[in-house]
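Quick notes on the structure that follows.
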Amino acid sequence: MANIINAIINLVNNPINHLTEYYQGRNRANNAGDALEEYVKDMFSNTFEMAEDERLERISEVFSYLGNNSNPPDAMLKNGDAIEVKKIESFGSALALNSSYPKHTIKSKSSMISKACKEAETWTEKDIIYVIGIVDKHSNNLLHLCMVYGLDYCASEECYSRIKSTIKNGVEDIQGIEFTESKELGHINKVDPLGITYMRIRGMWGICNPLKVFDYIYKRDTTKNFSFMCLINCDKWNSFNNCQELVDLSNLVDTLQIDDVKVKNPDNPAQLINAKLITYYR
């Protein structure tokens, strides 16, 4: 079963900076965003340099679901974690999540996920990995890659759903309008006296990128062409059976490092969580 440890090992062993050039040359992507998603598939399935038919077969063995931009997540590992991929163009940029609020974990009963995702395998809840790539808008080079778990990055669902429900309930209390349920926050009909105007209400969520959120434990070396940062809480780290492979690789590769750190609990910053900080550069 593939996991985030495999992905890190494969990233170190297969250095690719020119994402668009690499994946366009194999007719797999037309832009940097698509190329980043293909790169993430290759990292988790170790399909770099494979012939396309072999690659597709291997990807189908590793992933139970590959999604689209309309519904989270972007992918799910078979019997493993969910994955959400985001491309940004600067180190200060926030992540645009649109109508989907941040995910501490992802649940099969969520109205935001597709039927295909719900039925991809037997599951009720998965941890979610946010994979953020910073791509230079001029050269399309991958400058930095970051992987963090929603567990360590986002508050629990109740934090966000409470805000959503409060806004929705407030709109419903407005007198003289017709409120309709929708996948968005709501749909208001008959706003005007003729009853011909409607209004859609939708949330547009965003979140600071992990480089800013975790700047108290990690600072990127701006002199390097490419850098990588991954944060895994110790409970999650201890659940994997292949961590020693990554430890052994870090003993061979000088620029790959694993450190013990403490990070703030997203639900209660007064509490600190033990975690592993994995960094790499080239």
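Among the trypsin sites (Lys or Arg not before Pro) in region 1-74, those placed in a DSSP loop whose Cβ has at most 16 other Cβ atoms within 10 Å are 26.
Can you give me the long-range amide H partners of residue 206? Hydrogens built in the peptide plane at 1.01 Å from N, cutoff under 5 Å, separation of 5 or more residues or another chain. The list, which skips near neighbours in sequence, is 97.
In this simple spin-label model, placing a label point 7 Å from the Cα along the Cα-to-Cβ direction at both residue 204 and residue 191 gives a separation of 1.5 nm. The length gained by stretching the chain between residue 274 and residue 137 to full extension, at 0.36 nm per residue less their Cα-Cα distance, is 45.8 nm. Scan [x] 20.4; [y] 21.3; [z] 19.5 for the value of Kirkwood radius over Cα pairs in Å calculated from this model and give just the label. Looking at Kirkwood radius over Cα pairs in Å for this model, the match is [x].
Could you tell me the calculated FRET efficiency between residue 124 and residue 253, based on Cβ-Cβ distance and R0 = 35 angstrom, to the nearest 0.05? Spell out each step's value before the answer.
Values: r = 38 Å, r/R0 = 1.08.
Once rounded, the FRET efficiency stands at 0.40.
Using R0 = 45 Å, the C-beta based FRET efficiency linking residue 158 and residue 51 works out to 0.45. Taking 20 Å as the straight-line reach from the Cα of residue 219, the aspartates and glutamates in range (excluding those fewer than 8 positions away in the same chain) are 89, 136, 152, 254, 259, 260. In this structure, the amide hydrogen of residue 226, modeled 1.01 Å from its nitrogen in the peptide plane, lies closer than 5 angstrom to those of 282, counting only residues at least 5 positions away or on a different chain.
Once you have the Kirkwood Rh of region 194-282 from its Cα pairs, apply Stokes-Einstein at 20 °C and 1.002 mPa s and quote D in µm²/s. Answer from the Stokes-Einstein relation: 134 µm²/s. Compared with the direct C-alpha span, the chain from residue 265 to residue 98 gains 57.7 nm at full extension, assuming 0.36 nm per residue.
For residue 143, the amide hydrogen comes within under 5 Å of the amide hydrogens of 134, 135, 136, counting only partners 5 or more places away or on other chains and with H modelled in the peptide plane.
Which of 137/168; 41/212; 137/276 have a Cα-Cα distance over 29 Å? Flagged as over cut-off: 137/168; 137/276. On full extension, the segment bounded by residue 216 and residue 31 gains 63.3 nm, given 0.36 nm per residue less the C-alpha separation.
Values in this text are rule-based calculations from the coordinates and carry no lab data. Please read all numbers here as calculations on a predicted model, not as lab measurements. Cβ sites come from the backbone with ideal geometry, for glycine too, and all protein chains shown count toward neighbours.
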